Amino acid sequence: MLITGMSGSGKASVLKAFEDLGYYCVDNLPIELIPRFAELAKHSSQIERTALVVDIREGRELKRLPAILKALKKTLNTTLLFLEASEEALVRRFSETRRPHPLGNLPVKAAIADERRRLLPIKKLADLTIDTSKLNVHELRAHAIDRFRSDVANDKNIFVSCVSFGYKQGVPQDADLVFDVRFLPNPHFIPALRPYTGRHPKVAKYIRSFPQTQEFLQRITELLVYLLPHYVREGKSYLTIGFGCTGGRHRSVMIAEELKKRLAKAEYNVKVTHRDSPV
């Protein structure tokens, strides 16, 4: 497994995940040593699987990677994994960690643009590309372990985020799918329930008591369980599903929580976020 991609995209976290999976891992091995290392691993009785990180730190030598990759694939089962992330995510990560970009003679945004340009020929050769923009360190490691663990079904390798929101504050810009649940009875008009959120048992029980709620939950669960494997096969690694009601406090919160439970039961990696609801 050759791991490459943008600086700040999470290569170290993914390499750690491979280490947890039993791979012999090496970070930043000089590119001229890769063929030699591969030959040693091939004939080793102790090394079954290897993972190497090769990136922009190689400088001009990185241009040799396509030829080396082509040669490796003739003798070894080799996969090139490319980690991608948006400019916004990369800038934020460099700002938070205060680590300099490897192309440190340039401003961060310019360095990112230059690196992206240099890596484009290699990205085109990737067997698999993962966009890590929406994943934190822990989520990325968990996703990598789930995706590459041999005993995990391939069609489960997607990280799902269920987000509740209120239409008063607008639709989440990063939502891939959006479902409007304003057709459900509104607890806001029940004085005894109004102070609570959809996470409160009494509010959840009230919303769940209506037949349209039960039918919606059943239909949406069946739809998502059908759709998710197709997204995986198209290479999608992260899916954000928005559930919106008027204020984002009651109905959308309850539905997002319920869908998290149902998708987790279907063995998907799921998190829930309530954008407009107090904790």
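The values are calculated or read from the model by the stated rules, or taken from the named source; none is laboratory data. All values derive from a computational prediction rather than experimental measurement. All Cβ positions, even for glycine, are placed from backbone atoms using ideal geometry, and neighbour counts span all protein chains on display. We work out accessible area using only protein heavy atoms, side chains counted, and drop any ligands, DNA or RNA first. Shrake-Rupley method; radii C 1.70, N 1.55, O 1.52, S 1.80 Å.
Annotation note: of 264, 204, 256, the sole residue that is within 27 Å of residue 85 (Cα to Cα), assigned to a helix (DSSP H, G or I) and either in contact (Cβ under 8 Å) with a residue 12 or more places away in the chain or among the acidic types (Asp, Glu) (or both) is 256.
In region 212-269, of all residues being within 16 Å of residue 164 (Cβ to Cβ) and basic (Lys, Arg), the one that is least open to solvent (accessible area, probe 1.4 Å) corresponds to 251.
Residue-by-condition table, conditions (1) open to solvent by 30 Å² or more (accessible area, probe 1.4 Å); (2) farther than 18 Å from residue 144 by Cα:
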{"residue": "27", "(1), (2)": "yes, no"}
{"residue": "57", "(1), (2)": "yes, yes"}
{"residue": "69", "(1), (2)": "no, yes"}
{"residue": "79", "(1), (2)": "yes, no"}
{"residue": "86", "(1), (2)": "yes, yes"}
{"residue": "93", "(1), (2)": "yes, yes"}
{"residue": "112", "(1), (2)": "no, yes"}
{"residue": "124", "(1), (2)": "yes, yes"}
{"residue": "127", "(1), (2)": "yes, no"}
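Take the conditions surrounded by 14 or more Cβ atoms within 10 Å (Cβ to Cβ) and more than 17 Å from the chain's Cα centre (by Cα) and apply them to residue 163. Does it pass? For residue 163, the condition - surrounded by 14 or more Cβ atoms within 10 Å (Cβ to Cβ) and more than 17 Å from the chain's Cα centre (by Cα) - is not met. For first residues located in region 211-236 and small (Gly, Ala, Ser), partners that are at pLDDT below 95 and not in a helix (DSSP H, G or I) and lie 6+ apart or on another chain with Cβ distances below 9 Å form the pairs 235/128; 235/129; 235/130.
Looking only at region 207-243, count every residue that is part of a strand (DSSP E or B) and either under 16 Å from residue 262 (Cα atoms) or hydrophobic (A, V, I, L, M, F, W, C) (or both) and tell me the total.
Here is the first cut: in region 207-243, the residues part of a strand (DSSP E or B) are 238-243.
Now drop any that are not either under 16 Å from residue 262 (Cα atoms) or hydrophobic (A, V, I, L, M, F, W, C) (or both), which leaves 239-243.
Final tally of qualifying residues: 5.
Here is a list of conditions, (1) assigned to a helix (DSSP H, G or I); (2) surrounded by fewer than 12 Cβ atoms within 10 Å (Cβ to Cβ); (3) without any contact (Cβ under 8 Å) to a residue 60 or more places away in the chain, and residue 168 meets all of them except one; can you say which number that is? Checking residue 168 against (1) assigned to a helix (DSSP H, G or I); (2) surrounded by fewer than 12 Cβ atoms within 10 Å (Cβ to Cβ); (3) without any contact (Cβ under 8 Å) to a residue 60 or more places away in the chain, the one that fails is (3).
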